[in-house]
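Notes follow the structure.
Every number in this text was worked out from the coordinates using simple rules, so none of it is lab data. Here the structure is a predicted model, which is why all the values come from computation and not from measurement. Note that we place each Cβ from the backbone using ideal geometry, even for glycine, and neighbour counts take in every protein chain shown.
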Amino acid sequence: MMQLIDTHAHLEEIGDLAGTIERSRLYGVMAIIAVGSDYESNCRILKIAREYRGFVYPALGLHPSRIKKEDLENNLELIEQYIDMAVAIGEVGLDYHKKIRAINNKAVQQSVFREVLKIASKYHKPISVHSRYAWQDAFNIVAESGIERAVFHWYTGTSGVLQNIIEQGYFLSVTPAVEYHDEHRRVVKETPLDQLVLETDSPVFYRRGREFGFESRPYDIYRSLKGVAVIKGMDEAEMAEVTTANAIRIFQLYNY
């Protein structure tokens with residue numbers, strides 16, 4: 001059976017987690033990186049990671065849409081307190097969608113992003129980057145911070161910034177949207193195989209066609225795998241081997 005790693009999932013948002021974990025194992029998922037978005041979700045994924053030790057690995061983060069002044073210091077302290085347990089910092093980054101900017105403007109987002117990256121740099125942790133409509137700024141801030149390992153999650157930005165990301169040695173993650181999203185498919189085509197990893201962003205709702213879709217779970221990583229394999233013209237088993245090895249290397253799962 002192929003061994004796969006879901007490098008980005010919001011497990012705290014999934015109802016039947018025990019059933020989901022069991023089914024994911026049956027589908028060949030060998031590990032899940034559970035990403036946090038704020039103080040509360042970070043606490044929850046730490047608990048989940050303890051419960052499913054050796055299978056679920058926490059990434060502690062602060063999503064740009066979840067920044068709150070009253071929780072900021074507590075969350076930064078939490079991330080640093082449990083940094084040894086975390087395999088990464090994430091989900092962090094920038095989001096310039098007008099709805100998000102109405103909550104936290106660009107200046108606030110950039111300031112907080114830099115603060116979180118200081119922790120990642122201090123402890124040599126990889127990061128999972130959210131960069132919607134903020135691709136150039138997100139890349140610039142990550143590169144300037146000296147971060148060595150970064151995954152640009154569900155990237156759909158310009159080819160110019162994509163080349164910057166690739167040249168810097170960073171990674172791109174592929175979601176089930178690769179089945180239908182033209183920009184995401186373009187990114188897969190333009191990214192070298194040794195810089196791709198797979199994810200689901202569970203429980204994000206993806207479409208299957210015009211009339212219906214599905215709420216994703218980590219076992220839907222097979223959709224990401226199949227989509228990449230088709231675009232790259234490769235055997236699925238070979239693709240699984242390469243992308244899993246990439247994820248192990250990024251998150252340094254050797255000793256876990």
**Radius 9 Å from Cβ of PRO203, net charge of other residues (Lys, Arg +1; Asp, Glu -1)** = -2
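Within 15 Å, Cβ to Cβ, of GLY19, how many net charges do the neighbouring residues add up to if Lys/Arg are +1 and Asp/Glu are -1? Display every interim value, and only then the final one.
Values: positive: ARG23, ARG25, ARG217; negative: GLU13, ASP16, GLU22, GLU51, GLU215, ASP220.
Counting the neighbours of GLY19, the net charge comes to -3.
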**Request:** For THR7, list long-range residues whose amide hydrogen, built 1.01 Å from N in the peptide plane, is under 5 Å from its own amide hydrogen.
**Result:** ILE33, LEU198, GLU199, THR200
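Using the Cβ atoms and a cut-off under 15 Å, what net charge is assigned to the surroundings of ILE165, where Lys and Arg are +1 and Asp and Glu are -1? Each step should come with its number before you reach the end.
Working: positive: ARG132, ARG149, ARG186, LYS189; negative: ASP137, GLU144, GLU148, GLU167, GLU183, GLU190, ASP194.
It works out to a net charge of -3.
Counting DSSP beta bridges in the chain, what percent are antiparallel, to the nearest 5? Present the calculation step by step, with values, prior to reporting the outcome.
On the way: 3 of 25 bridges.
Within the chain, antiparallel bridges account for around 10 percent of the total.
What shape does the chain have by the C-alpha gyration tensor, where a ≥ b ≥ c are the square roots of the eigenvalues, rounded means a/c under 1.5, and otherwise prolate means a/b greater than b/c and oblate the rest? Show your work: numbers first, answer last.
Values: a/c = 1.42, a/b = 1.18, b/c = 1.20.
Note, shape of the chain comes out rounded.
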**Request:** Please turn the phi angles of segment 153-158 into ³J(HN,Hα) values with the Karplus equation 6.51 cos²θ - 1.76 cosθ + 1.60 (θ = phi - 60°), one per residue in order, whole Hz, x for glycine and proline.
**Result:** 6, 6, 6, 9, x, 5
**Request:** Just the ratio, please: alpha-carbon radius of gyration of segment 141-240 over 2.2 N^0.38 Å, N its number of residues.
**Result:** 1.09
**Interchain or long-range residues, amide H under 5 Å from GLY213's placed H** = ARG208
**Item:** Centroid-to-centroid separation of segment 20-37 and segment 86-164 [C-alpha atoms, Å]
**Value:** 24 Å
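When only C-alpha pairs under 8 Å and at least 6 residues apart count, what is the relative contact order of the chain, in percent? Intermediate values should be presented prior to the final figure.
On the way: 481 pairs, mean separation 50.7, N = 256.
Value for the chain: 20 percent.
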**Request:** Please give every one of the lysines within straight-line cross-link reach of LYS226, meaning a C-alpha to C-alpha distance under 23 Å, and leave out same-chain neighbours fewer than 8 residues apart.
**Result:** LYS189
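Given LYS69/LYS125; LYS106/LYS232; LYS69/LYS122, which pairs have Cα atoms separated by over 29 Å?
Details: LYS69/LYS125 24 Å; LYS106/LYS232 36 Å; LYS69/LYS122 23 Å.
From LYS69/LYS125; LYS106/LYS232; LYS69/LYS122, over 29 Å: LYS106/LYS232.
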